[in-house]
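The values are calculated or read from the model by the stated rules, or taken from the named source; none is laboratory data. This is a predicted model, so every value here is computed, not measured. Cβ coordinates were reconstructed from backbone atoms using ideal geometry, including for glycine residues, and neighbour counts include every protein chain displayed.
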Amino acid sequence: MNTLIRPVSEPDWEPIAAIFNYFVTESFAAYPDQPVDAAFFRDRHAAHPMFPFVVAEIEGEVVGFAYLSSFHPVPTMRQTANLTYFLHPEFTGRGIGAAFLEHLLEAGKTLGITNFMAHISSLNPGSIRFHLAHGFTKCGSFINVGVKNGRSFDMVWLQKEQG
């Protein structure tokens, strides 16, 4: 099956919310404890259209999404961005996450971004391993900053610098 990574379009917002909401209700990978609607991501993208927001599509079905967002709004930190991506659980382990990462790194480079940040729940060790395996380094943690389903978790920060 060929995977197409393409810019987000209007019909994609509902499948994006559905993918994200799986992780809201079934895991600690997404921070919210209640499902979000399509407007959650549509509004996020509309507020920062200069950053890439893409989907992965297989045979016409959206199976994941990825985007860059501002790390901090001050101009002195414009070279740093946050990465976010989620894949429907049936499509993990197929190289789509790595393709998303490569796409975001390349797109970020064209925007002058040299520092890429990922913040991950400490209760999502698979994502932490993925980022470490792809050249990120752990640069810090905020301890016990979140509580979801009665469990505390840390926010682990990872960084990748590329010139």
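Taken as a whole, the structure leaves Tyr31 outside the set of residues that are among the hydroxyl-bearing types (Ser, Thr, Tyr), assigned to a strand (DSSP E or B) and within 13 Å of the chain's Cα centre (by Cα).
If the condition is being surrounded by 17 or more Cβ atoms within 10 Å (Cβ to Cβ) and either among the charged types (D, E, K, R) or not in a strand (DSSP E or B) (or both), then the stretch 104-120 contributes Leu104, Leu105, Ala107, Gly108, Ile113.
Taking the stretch 37-61 as the range and being aliphatic (A, V, I, L, M), farther than 24 Å from Ile128 by Cα and at pLDDT 95 or above as the test, the residues that pass are Ala38, Ala39, Ile58. When the stretch 57-91 is filtered for residues that are part of a loop (DSSP other than H, G, I, E, B) and either touching a residue at least 24 places away in the same chain (Cβ under 8 Å) or within 15 Å of Arg6 (Cα to Cα) (or both), the ones remaining, listed by number, are Glu59, Gly60, Phe71, Arg78, Gln79, His88.
From the list Val24, Val55, Val62, pick out the single residue that is under 16 Å from the mean Cα position of the chain (by Cα) and over 22 Å from Ile120 (Cα atoms).
From the options Val24, Val55, Val62, the qualifying one is Val62.
Just checking, does the stretch 121-132 include any residue being assigned to a strand (DSSP E or B) and either surrounded by fewer than 16 Cβ atoms within 10 Å (Cβ to Cβ) or in contact (Cβ under 8 Å) with a residue 24 or more places away in the chain (or both)? Looking through the stretch 121-132, at least one residue is assigned to a strand (DSSP E or B) and either surrounded by fewer than 16 Cβ atoms within 10 Å (Cβ to Cβ) or in contact (Cβ under 8 Å) with a residue 24 or more places away in the chain (or both).
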